[in-house]
Amino acid sequence: MPAKVDMDKIVSLCKRRGFIFPSSEIYGGLASCWDYGPMGVELKRNVKDAWWKAVVHERDDVVGLDTSIMMHPGVWAASGHIDNFTDPLVECKSCHLRWRADAIEGKRCPQCSGELTEPRMFNLMFKTFMGPVEEKASIVYLRPETAQGIFVNFENVVTTSRKKLPLGIAQIGKSFRNEITPGNFIFRTREFEHMELEYFVKPGTDEKWLDYWVKESFDWYVKLGIKKENLRLRQHGKDELAHYARDCYDIEYLFPMGWSELEGIANRGDFDLTQHAKCSGKELSYRDAEAGEKYVPYVIEPSAGVDRSVLAFLVDAYEEEEVEGEKRTVLHLHHSLAPIKVAVLPLSRNEKLTPLAKEVFKRLCPRFVTDYDDSQSIGRRYRRQDEIGTPFCVTIDFESLEDKQVTIRERDSLAQIRVPVEGLEKVIEAKLRGEAFDASTLWATRQK
Ligand code: GAP
């Protein structure tokens, strides 16, 4: 079943409206690298904030961390990434394109039908050198996951947070993978952001916690507006489990190219802590003083991609519809994710309207991300706000000068209500929280 929108339309809207641009575009771009524009940076930040709020701030059993991208090379030997973080690569002997051997059918090049080389294992970690000397001893890797920064700090966090198990440590940050076949816009790139939680539990309770985090993770997307019918769960077969995983579920989303992984939730058992204890010589176990027990915790890991989530939220929110004989493109983004919450739009750039419009902007911008736009026709400005998903537009017209009232237009229903400028911010606040958009509740709210 194909998704309702082509990727081309999403890419084009992202470029047109300042969400996402090709990286280094004036030099012809750099394969699979993308830059977030003024709208994209807000959307991406909102996605990360929503995740951090749900996973860290609204719980008392999870704390945050922000570790460095470059780590001691011993970390990657211990974690198994040097030996196992590989994909089988084949190269076309004619056009020299490289392919993931497990992602192509048959023995010929999908591009030119040329003969392919035998597969060889290709490590996906980016290598660089630390310091001025380019020699083997100074090789460092850009992290391919943020998780290892959490494992090597387990002892530090347990000691300083004085929390008991089960305890989660969350991190959001950049990861790098030298993917053989990146593509599908921001779906698979070589530089991306991870949102990862390592949830440390007592062995024996791990299966229960895996079920718990699969449900929590799935529900997070639904609460933020993703349609349930566009999400599904898939358990990994034994042959596809990562080298560290005992069990794993993917949350898949119906992207334009079909069902694909959005997030993975793995049971990593005690693999990482045991490996780091062995390779560093430091004991990494947990002492439960009350129960008089000591053990190496098991880890449940929900691991999501920020960029892939951004793509899913954009695809799910995208709609083209006909309004009064004209095509309207709208992003029905959840209010908390919308880059701009409210746009202030004077009917025209008229010197009589500007002072009141500016007053309204000043009233709103300390509380909400607010846009002020007085260029072009009001119709074109509404279209722009619809395409970037702004939930509310406030219009100032000549009547506003007399009655000190403005019109609020709601993005999804296109309903309009007229409200006094005085107290406007409280009305917008209530609407952003989800209060119904109709005049009777509006006045009930205002009289409180
Ligand atoms: N620490 C576990 C881990 O990294 P993963 O399944 O390799 O697991 C987790 O990655 C999530 O990170 C994926 O579900 C996806 O959302 C995102 N991700 C992984 N590789 C990516 C890439 N090359 N580009 C964009 N996002 C990626």
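Please verify whether Ile408 is over 19 Å from Leu13 (Cβ atoms), at pLDDT 95 or above and open to solvent by less than 30 Å² (accessible area, probe 1.4 Å), treating the condition exactly as stated. Criteria met by Ile408. Looking across Glu261, Glu216, Glu229, one residue alone is within 30 Å of Leu337 (Cβ to Cβ), touching an Asp or Glu at 6+ places or on another chain (Cβ under 7 Å) and of a type in the set (Asp, Glu). It is Glu261. Quick one: in region 346-396, of everything that is in contact (Cβ under 8 Å) with a residue 24 or more places away in the chain, in a loop (DSSP other than H, G, I, E, B) and charged (D, E, K, R), which residue is farthest from Gly325 (Cα to Cα)? Result: Arg367. For region 106-117, state whether one or more residues are modelled with pLDDT of 95 or more, open to solvent by 40 Å² or more (accessible area, probe 1.4 Å) and part of a strand (DSSP E or B). No, region 106-117 contains no residue that is modelled with pLDDT of 95 or more, open to solvent by 40 Å² or more (accessible area, probe 1.4 Å) and part of a strand (DSSP E or B). Which of the following residues is surrounded by 15 or more Cβ atoms within 10 Å (Cβ to Cβ), more than 10 Å from the ligand (Cβ to nearest atom) and part of a helix (DSSP H, G or I): Tyr199, Tyr221? Result of the check over Tyr199, Tyr221: Tyr221. Within region 304-329, the residues that satisfy the criterion of being within 16 Å of the ligand (Cβ to nearest atom) and in a helix (DSSP H, G or I) are Val306, Asp307, Arg308, Ser309, Val310, Leu311, Ala312, Phe313, Leu314, Val315, Asp316.
Could you list, ordered by first residue, the pairs with Cβ atoms under 7 Å in which the first is in region 295-313 and touching a residue at least 24 places away in the same chain (Cβ under 8 Å) and the second is near the ligand (Cβ under 10 Å from one of its atoms) and of a type in the set (S, T, N, Q), at least 6 apart or interchain? Partner pairs satisfying both residue conditions: Asp307/Thr189. The residue that is farthest from the ligand (Cβ to nearest atom), counting only those in region 129-140 that are in a strand (DSSP E or B) and in contact (Cβ under 8 Å) with a residue 24 or more places away in the chain, is Ile139.
Annotation note: Cβ proximity below 7 Å between a residue of region 50-65 that is closer than 17 Å to Asn156 by Cβ and a residue that is among the hydroxyl-bearing types (Ser, Thr, Tyr) and open to solvent by 20 Å² or more (accessible area, probe 1.4 Å) (sequence gap 6+ or interchain) occurs for Val63/Ser161. The residue that is farthest from the ligand (Cβ to nearest atom), counting only those in region 255-283 that are within 20 Å of Gly225 (Cβ to Cβ) and open to solvent by less than 10 Å² (accessible area, probe 1.4 Å), is Phe255. Look through region 273-288, keep the residues that are touching a residue at least 40 places away in the same chain (Cβ under 8 Å) and in contact with an Asp or Glu (Cβ under 8 Å, 6 or more places away or on another chain), and return whichever of them is farthest from Gly74 (Cα to Cα). That would be Leu284. The helices (runs of 4 or more DSSP H) falling completely within region 33-98 that include 1 or more residues that are within 18 Å of the chain's Cα centre (by Cα) and under 30 Å from Thr390 (Cβ atoms) map to 38-52. Summed over region 141-172, the residues that are open to solvent by less than 10 Å² (accessible area, probe 1.4 Å), closer than 26 Å to Asp35 by Cα and part of a strand (DSSP E or B) give a count of 2. For region 299-331, which positions are basic (Lys, Arg), open to solvent by 10 Å² or more (accessible area, probe 1.4 Å) and under 18 Å from Asp386 (Cα atoms)? Across region 299-331, the qualifying residue is only Lys327.
The values are calculated or read from the model by the stated rules, or taken from the named source; none is laboratory data. None of the values given here were measured: they were computed from a predicted structure. All Cβ positions, even for glycine, are placed from backbone atoms using ideal geometry, and neighbour counts span all protein chains on display. Accessible surface is based on the protein model in full, side chains and every heavy atom, while ligands, DNA and RNA are left aside. Shrake-Rupley method; radii C 1.70, N 1.55, O 1.52, S 1.80 Å.
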